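The values are calculated or read from the model by the stated rules, or taken from the named source; none is laboratory data. Here the structure is a predicted model, which is why all the values come from computation and not from measurement. All Cβ positions, even for glycine, are placed from backbone atoms using ideal geometry, and neighbour counts span all protein chains on display. The area values use the complete protein model at the heavy-atom level, side chains included, leaving out ligands, DNA and RNA. Shrake-Rupley method; radii C 1.70, N 1.55, O 1.52, S 1.80 Å.
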Amino acid sequence: AATVIENGWDRANFPSGRSAEVPTNGPVMLSFVGNLMGHAAFEKFLDVFRQVVTRDEITENDLKIRIVGKISDQQRAQIKKRELDMFFEYAGFVKKQVAIDIMQSSHGLLMFGDEELSIYIPSKLYEYLAAKRPILYYGASGISPRIISSLNSGWVVGANEENKLSEAFSSLFR
């Protein structure tokens, strides 16, 4: 007898018909679930994010980015250096089901793609798709952004595409 092992996510963690409520008041919440350790795309995102929030007059009352998992001191320093602290919340490590609940109750899910990982499909993508929330992908072209685009599952923003990032935020605010 053959056993099928799903790639990237377990259906039992995402029962059909079950979804968390997405808050209708308060700031739009974008969540990054995983370890944020040394992504070059994250630092580029911070630069463009800073430009967009300044230009579009977005405040921490409009938008929050929640990091669920480990974030390096280097990445925290990059946030602080750009004076973006007020936009970020840190949940640290949480149990798997709590992370899934956070994904499902977020307005959108944030994903970063570095050039050297462009041919890699992270398990995070499968879980994000299973959570059925829009994905905001920022970074290098590759397999993950092609999947997101082909499934119409969110926004793909290349490095330094300030207007595309602004459009994605505008869509989230609607």
Could you tell me what percent of the DSSP beta bridges with both partners in the chain are antiparallel, to the nearest 5? 0 percent
Tally Lys and Arg at +1 and Asp and Glu at -1 over the other residues with C-beta under 12 Å from the C-beta of residue 142: what net charge comes out? -2
Which residue fluctuates the most in the chain, going by a Gaussian network model with Cα springs under 10 Å, if the choices are 158, 113, 92? 92
What is region 93-135 by shape, rounded, prolate or oblate, if you read a ≥ b ≥ c off the alpha carbon gyration tensor as root eigenvalues and call it rounded for a/c under 1.5, prolate for a/b larger than b/c, and oblate otherwise? prolate
Rounded percent of accessible protein surface that carbon and sulfur make up, the chain, 1.4 Å probe: 50 percent
Please report the base-10 log of the normalised intensity I(q)/I(0) for the chain, using a Debye sum with one equal scatterer per alpha carbon and no solvent, at each q in 0.09, 0.10, 0.17, 0.20 (1/Å). -0.29, -0.36, -1.10, -1.59
Cα-based Rg of region 43-96 normalised by 2.2 N^0.38 Å, two decimals: 1.18
Can you give me the accessible area per residue for region 74-174, using a 1.4 Å probe, in Å²? 51 Å²
